[in-house]
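The values are calculated or read from the model by the stated rules, or taken from the named source; none is laboratory data. Every value quoted in this text rests on a predicted model; they were computed, and no experiment measured them. Methodologically, a virtual Cβ is constructed for each residue, glycine included, from the backbone with ideal geometry; neighbour enumeration extends over all protein chains shown. Side chains included, ligands, DNA and RNA excluded: accessible areas come from the protein's heavy atoms. Shrake-Rupley method; radii C 1.70, N 1.55, O 1.52, S 1.80 Å.
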Amino acid sequence: MENLTIIIIGIVFGLLISYAGLNRFNTIAGLAVLKDFTVAKTIMLVIGLGSIVLMFEMAGGGAVFHVKALYLVGTALGGIIFGIGMAILGYCPGTLPISLGQGSLDALWGIIGGLVGGILYTALYPVILPLLGENLGKGTLFTLMGGNFSLGYIVAVILIGIAMIAGAFILHQLDVKNGNPSRRWVVTGIGLALLNVLLFYQGWQNKPLGASTSYPYVGDSIACVTNNTYYPGLIGSGSWQVWFLLGALIAGFVYALVTGTFRWRLIRERWAEYKGESKSRRIVWAFVGGVILIFGARMADGCTSGHIISGGMQFAASSYVFAIFTFIGFLSTGYLFYTRNRKKY
């Protein structure tokens, strides 16, 4: 019964993501070349609205903090690596199964690459661990302002949340100029914010959203590399995320069938625009992007959903460091890999 509940959560997540097209290669790669801000404005709306609602939930005793520790080197370097992988692949750990369910074959190669990236990180973990840097703790705006729900903290969260929501709508104006006036991202943003808040509720799941732990968990299990110091820490979250991503895959498939958009495709329009129609090139880069994506996610201990969104809603220092360096890697790769090295046809 518990696994069925997790699958349903994944289905809700997958439908919300699909509705705004956040899982599509064209959308994510579009942000890398600054031609589509759907992902950025949705994240800002989720964090802005979610942080306010979550704060009141916590103040009422319904939820507690679930914050990732800040390892300055590991979090920052992992963010850069994750951003590079996300730009090349054009998917996030949580959007890969959704797009596969809609017929995106490059997402399949990204998943395979992600499993390999997870195995590789597990194998190198004893070497990487000392390089992550000192554990600087689980600092948040809450701890910075005294560790209590004072009036000052409540006002600060509300003001920052409103500023983020306003920023999302400012980005939307850029999308309108780019010929993308759709407001579906508003519905998706509100839905994802509320879904995250519900997941934090102590009487239910009592956990943040996440997706990247499932890749080393499944990869290590398949490769039988479970007798090590890293794998045991993956079991709880990894198992939960496998069922969650199964629901996301189902949602992607159902959404594509209902909307008549299911297509088996390897090359997406934005990839063809910048990198050409070569199928072998796309397979290789999708696989490599998947390896890099998950390797970076594990080094930073999180991904877009588990770090940037869930951590961002809690104003966690580690998550904002991760977000900053992720976008540095992501946008730099967008310029170097796509714009600067654009193929001429």
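So that you can scan it fast, the table gives a plain yes or no per residue for (1) surrounded by 15 or more Cβ atoms within 10 Å (Cβ to Cβ); (2) in a helix (DSSP H, G or I); (3) on the phi > 0 side of the Ramachandran plot:
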{"residue": "Ile222", "(1), (2), (3)": "no, yes, no"}
{"residue": "Phe244", "(1), (2), (3)": "yes, yes, no"}
{"residue": "Val254", "(1), (2), (3)": "yes, yes, no"}
{"residue": "Arg263", "(1), (2), (3)": "no, no, no"}
{"residue": "Glu277", "(1), (2), (3)": "no, no, no"}
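Scanning for something under 27 Å from Ala193 (Cβ atoms), open to solvent by less than 40 Å² (accessible area, probe 1.4 Å) and of a type in the set (Phe, Trp, Tyr), does region 148-166 turn up at least one residue? Checked region 148-166: at least one residue is under 27 Å from Ala193 (Cβ atoms), open to solvent by less than 40 Å² (accessible area, probe 1.4 Å) and of a type in the set (Phe, Trp, Tyr). Criterion applied to Ile283, Ile292, Ile308 was being β-branched (Val, Ile, Thr), over 21 Å from the mean Cα position of the chain (by Cα) and surrounded by 15 or more Cβ atoms within 10 Å (Cβ to Cβ), and the one residue passing it is Ile283.
Only a single item in (1) surrounded by fewer than 23 Cβ atoms within 10 Å (Cβ to Cβ); (2) farther than 22 Å from Gly189 by Cβ; (3) out of contact with any Ser or Thr (no Cβ under 6 Å at 6 or more places or on another chain); (4) modelled with pLDDT of 95 or more is not met by Leu72, and it is number (4). When we screen Thr226, Thr188, Thr213 for residues that are open to solvent by 50 Å² or more (accessible area, probe 1.4 Å) and polar (S, T, N, Q), the only hit is Thr226.
Pairs are defined by a Cβ separation below 8 Å, a sequence spacing of at least 6 or placement on different chains, a first member in region 255-277 that is closer than 19 Å to Val12 by Cα, and a second member that is of a type in the set (Gly, Ala, Ser) and in a loop (DSSP other than H, G, I, E, B); the pairs so defined are Ala256/Gly103; Phe262/Gly103.
Take the residues in region 172-184 that are out of contact with any Phe, Trp or Tyr (no Cβ under 9 Å at 6 or more places or on another chain) and in a helix (DSSP H, G or I); name whichever of them is surrounded by the fewest Cβ atoms within 10 Å (Cβ to Cβ).
Among residues in region 172-184 that are out of contact with any Phe, Trp or Tyr (no Cβ under 9 Å at 6 or more places or on another chain) and in a helix (DSSP H, G or I), the one surrounded by the fewest Cβ atoms within 10 Å (Cβ to Cβ) is Lys177.
Selection of first residues in region 146-169 that are more than 14 Å from Ile52 (Cβ to Cβ) and of second residues that are part of a helix (DSSP H, G or I) and of a type in the set (A, V, I, L, M), restricted to Cβ pairs under 6 Å at least 6 apart or on distinct chains, gives the following pairs, ordered by first then second residue: Gly167/Met44. Would you confirm whether any residue within region 72-89 is in contact (Cβ under 8 Å) with a residue 40 or more places away in the chain, of a type in the set (A, V, I, L, M), assigned to a helix (DSSP H, G or I) and within 13 Å of Phe287 (Cβ to Cβ)? Yes, because at least one residue in region 72-89 is in contact (Cβ under 8 Å) with a residue 40 or more places away in the chain, of a type in the set (A, V, I, L, M), assigned to a helix (DSSP H, G or I) and within 13 Å of Phe287 (Cβ to Cβ).
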